[in-house]
Amino acid sequence: MLRRIRRRHLLILFGGLLVLVAASLTAWAAVAGPVTVLRILRYGDSNIDDFSHYPGRTLQASDEPSEFEMTIGGLNMEPGTLAAFGSNGDLSALLEANDSIAFLVVRDGAILYEQYFQGHRETSLSQLFSVSKSFTSALIGMAIEDGYMEGVEQPVTDLIPELLDRGFGVVTLHHLLTMMSGSSYHENDTPFGEHVILNYTPNLELEILQFTMEREPGELYRYKSGDNALLSLALARALDDEALTAYAQRRLWTPLGMQDQGVWSTDREVDGLERSWCCLATTARDIAKFGALYLNNGLWRGEQLLSADWVEQSTGQSQVPGDLWPGEYQEVGWRGYGYQWWLASEQTGDFFAFGKDGQFVYVNPSEQVVIVRLGRSAGDLRGSQWVRLFQTLARQTGR
């Protein structure tokens, strides 16, 4: 008798839990959309292999690839160089212990150090996460130069008039490039939140057109992928019939002589929009060329692919006023934010693109160095520690 009662209670409890789960999934699907929820449940947290199972557009390798010279073994470090990072001097061991998959050091157009881990190779693609934002920024600069956009002070509603009724009338491309739009977008992993929905939705334009404002533009710096998504929709509208990936192929990928294919993930197969803030996938060598383009003030193999003025505006002095620059970044020595690039030391003028799980393109003009680090996670090193490691290695290249 007692067993039957207990069994009945368990069945009631189990049934109640099923009803609760079903109600939660229904509510979630109502907010995020059923396809979005299915993608989250199927694929889980985003990772560097996302490009392989989401829709995307391919960037074709150049018919005339550019290759770095090879000076492997040219990175000669003084004893004790890596002690501050918990290593006895073995850079390879330090990188492997911190979940790296690729590490590349280039100086004056020559590869000084190149190492791959966890089965990753020089031709392996990896999603770059927020490093993609810096690539989008370059395309905005090129679109302005090509006359598709008027300039950084152009209101975004010139290109996306649907946002006028949502308070974006005085938001400019400059506000979006510098993460000072004033939008209510928050970068967090709440399943019902707009950031998670943006990462998984099959209808980016619909989600972007629902963004709202919470303050006047220019009053606050807050890192927001939503600002980059707004930039990409504005660019897509400006380009009209040419997809963002096709424009990138024509203006950057082919002229830079990329050796391998790349993939830019989209929200859906047909007429999709590029997930510009997160989801460009490429190889370590090819993304190093992008860093070298900025190192050389937009000049590549004698051709000015990107204006020197745009590079300076993007990576020179901070576009975010000092009183708006968060103290946490000041404490680690980062001097500000440009046009989708982080700015590091004032002394060397170094700057970097930084993506989830420790994806980096680091550029040091004073040492003429580009460093690429890709990983499945950042390992035990914080972002600021990775940057200090890059700064340390850049100084060693001149020895």
Practice task
Could you please find all residues in the range 142-197 being of a type in the set (Asp, Glu) and in a loop (DSSP other than H, G, I, E, B)?
Solution key: 146, 150, 153, 187, 189
Practice task
Please work out if residue 304 is over 21 Å from residue 187 (Cβ atoms), of a type in the set (S, T, N, Q) and free of Cβ contacts under 8 Å to residues at least 40 places away in the same chain.
Solution key: yes
Problem - Subset of the range 74-87 (residues that are open to solvent by 30 Å² or more (accessible area, probe 1.4 Å) and free of Cβ contacts under 8 Å to residues at least 24 places away in the same chain) - result: 79, 80, 83
Exercise for the section: Give just the number: which of (1) surrounded by 19 or more Cβ atoms within 10 Å (Cβ to Cβ); (2) in contact with a strand residue (DSSP E or B) (Cβ under 9 Å, 6 or more places away or on another chain) does residue 143 not satisfy? Expected result: (2)
Exercise for the section: May I ask you to list the residues in the range 106-131 that are among the polar types (S, T, N, Q) and either under 17 Å from residue 50 (Cα atoms) or assigned to a loop (DSSP other than H, G, I, E, B) (or both)? Expected result: 118, 123, 124, 126, 127, 130
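Looking at 181, 132, which is the one that is in contact with a strand residue (DSSP E or B) (Cβ under 6 Å, 6 or more places away or on another chain), over 30 Å from residue 77 (Cα atoms) and surrounded by 18 or more Cβ atoms within 10 Å (Cβ to Cβ)? Break it down stepwise before answering.
Details: 181 fails: in contact with a strand residue (DSSP E or B) (Cβ under 6 Å, 6 or more places away or on another chain).
Within the list 181, 132, the selection yields 132.
Of all residues in the range 63-105, which are in contact with a strand residue (DSSP E or B) (Cβ under 6 Å, 6 or more places away or on another chain) and either of a type in the set (Val, Ile, Thr) or in a strand (DSSP E or B) (or both)? Don't jump to the end; show me each part of the working.
First pass over the range 63-105, keeping only residues in contact with a strand residue (DSSP E or B) (Cβ under 6 Å, 6 or more places away or on another chain): 68-71, 74-75, 92, 95, 99-105.
Across the range 63-105, the qualifying residues are 69, 70, 71, 100, 101, 102, 103, 104, 105.
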Problem - Checklist (1) buried (at least 17 other Cβ atoms within 10 Å of the Cβ); (2) hydrophobic (A, V, I, L, M, F, W, C); (3) touching a residue at least 24 places away in the same chain (Cβ under 8 Å); (4) within 16 Å of residue 285 (Cβ to Cβ) applied to residue 70, failing item - result: (1)
Problem - Selected residue [touching a helix residue (DSSP H, G or I) at 6+ places or on another chain (Cβ under 9 Å), touching a residue at least 40 places away in the same chain (Cβ under 8 Å) and open to solvent by 40 Å² or more (accessible area, probe 1.4 Å)] from 319, 330, 340 - result: 319
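Is it true that residue 289 is in contact (Cβ under 8 Å) with a residue 24 or more places away in the chain, within 30 Å of residue 196 (Cβ to Cβ) and either β-branched (Val, Ile, Thr) or out of contact with any strand residue (DSSP E or B) (no Cβ under 6 Å at 6 or more places or on another chain) (or both)? Full working, then the answer.
Details: in contact (Cβ under 8 Å) with a residue 24 or more places away in the chain: yes; within 30 Å of residue 196 (Cβ to Cβ): no; either β-branched (Val, Ile, Thr) or out of contact with any strand residue (DSSP E or B) (no Cβ under 6 Å at 6 or more places or on another chain) (or both): yes.
Spelling it out, it is not the case that residue 289 is in contact (Cβ under 8 Å) with a residue 24 or more places away in the chain, within 30 Å of residue 196 (Cβ to Cβ) and either β-branched (Val, Ile, Thr) or out of contact with any strand residue (DSSP E or B) (no Cβ under 6 Å at 6 or more places or on another chain) (or both).
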Exercise for the section: Identify, by number, the condition in (1) of a type in the set (S, T, N, Q); (2) closer than 24 Å to residue 286 by Cβ; (3) open to solvent by 10 Å² or more (accessible area, probe 1.4 Å) that residue 364 doesn't meet. Expected result: (3)
Handout entry: Sole residue being at pLDDT 95 or above, of a type in the set (Lys, Arg) and either closer than 26 Å to residue 146 by Cα or out of contact with any Ser or Thr (no Cβ under 7 Å at 6 or more places or on another chain) (or both), chosen from 335, 301, 285
Key = 285
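Take the range 181-220 and flag every residue that is of a type in the set (Asp, Glu) and modelled with pLDDT under 95.
The initial filter retains those residues of the range 181-220 that are of a type in the set (Asp, Glu), namely 187, 189, 194, 205, 207, 214, 216, 219.
Matches in the range 181-220: 187, 189, 194.
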Handout entry: Residue list for the range 223-274, restricted to those being open to solvent by 10 Å² or more (accessible area, probe 1.4 Å), in contact with an Asp or Glu (Cβ under 7 Å, 6 or more places away or on another chain) and over 21 Å from residue 356 (Cβ atoms)
Key = 255, 259, 260
Practice task
Write out, first by first residue and then by second, each pair whose Cβ atoms fall under 7 Å of each other, whose residues are 6+ apart or on separate chains, and whose first residue, in the range 154-178, is over 18 Å from residue 218 (Cα atoms) and at pLDDT 95 or above while the second is open to solvent by 10 Å² or more (accessible area, probe 1.4 Å) and part of a loop (DSSP other than H, G, I, E, B).
Solution key: 162/209
Problem - Condition broken by residue 387, with the remaining ones in (1) crowded, with 23+ Cβ neighbours inside 10 Å; (2) in contact (Cβ under 8 Å) with a residue 60 or more places away in the chain satisfied - result: (2)
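The values are calculated or read from the model by the stated rules, or taken from the named source; none is laboratory data. Note that this is a predicted model, so its numbers are computed, not measured. Using ideal geometry, Cβ is built from the backbone for each residue, glycine included, and neighbour counts are taken over all protein chains shown. All accessible areas refer to the heavy atoms of the entire protein, side chains included, with ligands and DNA or RNA removed. Shrake-Rupley method; radii C 1.70, N 1.55, O 1.52, S 1.80 Å.
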